[in-house]
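Structure below; questions to follow.
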């Protein structure tokens, strides 16, 4: 006869909540370190393996905190709807970018001096390797999956404004280092809001917070973060490709 005393539901809930909050704190610290390392320390060739390693570590931390792949919207079995919705969004993004490129008044939005010197192999590597594996996988797992799930609910599974806004604010802050100097590099940004680094960086952070909320909406629409992975790849990679074409 088993005489072991089972903890009361309230005690189990408290332990689970504490475990989840510890995992959340560890995930945030890991992302802060990763952001600094990726933008200021490692060479470009190490960007993809570093970010993939961080993404895998985040999944492990999330699981230990009680939010596995299913809880963050990354279920392997459920792919028809998220992939289908994602592919529709990719097509829509490609159409919009094509229209922006062929209209002289708007084509300047793609002019970015950081891309102009890229060779064809560099462009292909960025579009098909660096962006999807080095940027998209980590950011979508982190900001549309792991962080909101550890905050209370991932948008792909259950919508709650607190986790959505919390993860989106962190997504905006994530872009502080990458956005430094964007006013000088991007003609459209420099012509619109100037080149003052404080103003351009603040504008980038605010716009990325808004983009984070929108991506959470798309994750909810597609019932999974595979949707936002495809959309994120389309906006970044097709934008890079458009800029490369215009600058050749």
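The values are calculated or read from the model by the stated rules, or taken from the named source; none is laboratory data. Just so it is clear, the structure is predicted and the values come from calculations on it, not from any experiment. Every residue, glycine as well, gets a Cβ built from its backbone with ideal geometry; the counts of neighbours run over all protein chains shown.
Of the residues that make up region 3-16, is at least one over 19 Å from residue 144 (Cβ atoms), modelled with pLDDT of 95 or more and assigned to a helix (DSSP H, G or I)?
Our first condition is that a residue be over 19 Å from residue 144 (Cβ atoms); within region 3-16, this holds for 3-16.
Next, from what is left, pick out any that are modelled with pLDDT of 95 or more: none.
No: region 3-16 contains no residue that is over 19 Å from residue 144 (Cβ atoms), modelled with pLDDT of 95 or more and assigned to a helix (DSSP H, G or I).
Would you check which residues across region 58-75 are part of a helix (DSSP H, G or I) and surrounded by 15 or more Cβ atoms within 10 Å (Cβ to Cβ) and list them?
58, 59, 61, 62, 63
Each row is one residue, and each column tells you yes or no for (1) surrounded by fewer than 17 Cβ atoms within 10 Å (Cβ to Cβ); (2) farther than 25 Å from residue 96 by Cα; (3) modelled with pLDDT of 90 or more; (4) more than 12 Å from the chain's Cα centre (by Cα).
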site: 148; (1), (2), (3), (4): no, yes, yes, yes
site: 157; (1), (2), (3), (4): no, yes, no, yes
site: 166; (1), (2), (3), (4): no, yes, yes, yes
site: 197; (1), (2), (3), (4): yes, yes, no, yes
site: 214; (1), (2), (3), (4): yes, no, yes, no
site: 221; (1), (2), (3), (4): no, no, yes, yes
site: 231; (1), (2), (3), (4): no, no, yes, no
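State whether the residues of region 36-44 include one that is in contact with a helix residue (DSSP H, G or I) (Cβ under 6 Å, 6 or more places away or on another chain), buried (at least 18 other Cβ atoms within 10 Å of the Cβ) and either in contact (Cβ under 8 Å) with a residue 24 or more places away in the chain or within 19 Å of residue 148 (Cα to Cα) (or both).
No, region 36-44 has no match at all.
Could I ask something else about it? In region 175-183, is there at least one residue being at pLDDT below 95, within 16 Å of residue 109 (Cβ to Cβ) and touching a strand residue (DSSP E or B) at 6+ places or on another chain (Cβ under 7 Å)?
no
Confirm whether residue 69 is under 17 Å from residue 144 (Cβ atoms) and modelled with pLDDT under 95.
Working: under 17 Å from residue 144 (Cβ atoms): yes; modelled with pLDDT under 95: yes.
Against the criterion (under 17 Å from residue 144 (Cβ atoms) and modelled with pLDDT under 95), residue 69 qualifies.
Which pairs turn up if I take residues in region 57-74 that are in contact (Cβ under 8 Å) with a residue 40 or more places away in the chain and at positive phi and look for partners that are crowded, with 24+ Cβ neighbours inside 10 Å and outside any helix (DSSP H, G or I) with beta carbon separation below 7 Å, at least 6 apart in sequence or on another chain?
As it stands, the answer is 73/154; 73/156; 73/224, since those pairs meet every condition given.
Let me ask something else. Restricting attention to region 93-141, which residues are outside any helix (DSSP H, G or I) and in contact (Cβ under 8 Å) with a residue 24 or more places away in the chain?
Start the filter on region 93-141 by keeping residues that are outside any helix (DSSP H, G or I), which leaves 103, 111-112, 117-119.
Listed by number, the residues that qualify are 111, 112, 118.
Would you check if residue 78 is surrounded by fewer than 14 Cβ atoms within 10 Å (Cβ to Cβ) and either under 17 Å from the mean Cα position of the chain (by Cα) or over 22 Å from residue 237 (Cα atoms) (or both)?
Answer is no for this residue.
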